[in-house]
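See below for the structure under consideration.
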Amino acid sequence: MSAQNSTLLGLQPLRLTTEDETDEPKTPISPPSPVWSPRTGANDKKNEVETPESVITQYTPQKDVGSPRAAAQSLKFVEPKRESQLRASRRSWTSILCCVRPQNEGYSESPESEPVRQNVDRPTHPVAPPYHGKLCMGPQTGVNVNRKCLVLDLDETLVHSSFKPVPNADYIIPVEIDNKVTDVYVIKRPWVDKFMTAMAEVYEVVVFTASLAKYADPLLDLLDPDQTVSCRLFRDSCCPFEGNYVKDLSRLGRDLPSTIIIDNSPHSYIFQPENAIGIRSFIGDSTDQDLLNLIPFLLSIRDQPDVRDVLMDCPKGGRAYT
C-alpha cells in the first residue's frame, strides 16, 4: 500500500527512527561546571595553563593612607597589665595611633578631638565559616610550649618577589610553571634577619603564605637557614572567601587571645582583624625599617593575657604601613 493510499484510509505512515532520534526537541547539553579545588584555590579546569600570577600571591594597596613611618614609629612599649587596666588604657592607645585612623569605619571624633571606637561589642567583619576538618598545626612542643603564636605573611611582608630580573636580588628561586622552569628574583625586607631571630626567642613563629609551596618552601629554606620558623603554611591551608585567600586563625589550633598575625593584605585576616597588625607592602625600598620598629612593640606585649586588648587599637586594613 502506497503512502498516498494510507493517508486516504486515515492511516499514518510508519516512521523509522534511530536510537539518537526522538520526537522531542533537542536541547544543548551544558558542560559540567568547574569544581573548586581547596589545594589550588582556583577552579579546576582541564588543560588550564599555570601562570606566574597563580603561583605567587601578592597584594598591592589601592592608595596610601596616613604616614607609614609615623605609624610604625608610633608603636610603643606596653607594660604588662591586668584585664581591667588594659581596658582602661584603650583610650591612650587610641590617641597614640590616631594619625593613621581610617575615616568612616566605625570611628568618630569626640568633642575633645580624640577618636573613640563605636559599637565595640558588635562584630563589624565577616565571620569565619564553620570548620570541622583537621587543624593546620599540631600541639606546641619544646621551647614553644605556652608561647604566643606569631603568624607572619611572606610576600610583601618579609620579602618581595618578581619574575623580572633584579640586579640586587638576595635569592633566585627556580620554579616550574606549566612544564617550564622560571626564575623568581627575591629581595629580603631590610632587618628581616634581625626580626626573625628576635621573634623566635619569645614567640612560636609561623609563616603563613597564600602562595604555592613549590615557590615558598625553597624560599624559606634560604630565608630561614637556622629554622627559627616552627611551621610553614601555604595556600592549601587558606580559606577561599569572596575571591580571596583568607588565613583563618581559628584553624591553627592556637588560642586566639595568644595569636598575632602580621600581614600587608587586609583580606588575609578579615575573619580576625582584632588579632592583626597591618604592615606596609614591601616592594624593594632599601630604607624600610618597619620590621625593626616592630621588634620592641612585639616584645612588650608577649606577656599580655589577651593580645587583642592591645591589637584592637592598632590600625587595620594595611593602613598602619601602607
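FYI, it's all coordinate maths here, none of it is from the lab. From a predicted model like this one, the values you see are computed outputs, not experimental measurements. Here the Cβ positions follow ideal geometry from the backbone for every residue, glycine too, while neighbour counts run over all protein chains shown.
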Exercise. Can we say residue 240 is surrounded by fewer than 20 Cβ atoms within 10 Å (Cβ to Cβ), over 25 Å from residue 194 (Cβ atoms), in contact with a Phe, Trp or Tyr (Cβ under 8 Å, 6 or more places away or on another chain) and in contact (Cβ under 8 Å) with a residue 40 or more places away in the chain?
Worked result: yes
For this session: Among the numbered conditions (1) under 29 Å from residue 162 (Cα atoms); (2) touching a Leu at 6+ places or on another chain (Cβ under 7 Å); (3) hydrophobic (A, V, I, L, M, F, W, C), tell me where residue 256 comes up short.
Result: (1)
Exercise. Which residues, taken from the stretch 221-233, are surrounded by 20 or more Cβ atoms within 10 Å (Cβ to Cβ) and within 24 Å of residue 163 (Cα to Cα)?
Worked result: 223, 233
Exercise. Which members of the stretch 280-306 meet the condition of being among the hydrophobic types (A, V, I, L, M, F, W, C) and farther than 19 Å from residue 202 by Cβ?
Worked result: 282, 283
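Does the stretch 137-149 contain at least one residue that is basic (Lys, Arg) and either within 15 Å of residue 206 (Cβ to Cβ) or touching a residue at least 40 places away in the same chain (Cβ under 8 Å) (or both)?
yes
Could you grab me the full set of residues in the stretch 227-269 that are in a loop (DSSP other than H, G, I, E, B) and of a type in the set (D, E, K, R)?
Just the residues of the stretch 227-269 that are in a loop (DSSP other than H, G, I, E, B), to begin with: 227-230, 234, 238, 242-243, 247-248, 252-255, 264-269.
The answer is 242, 247, 248, 254, 255.
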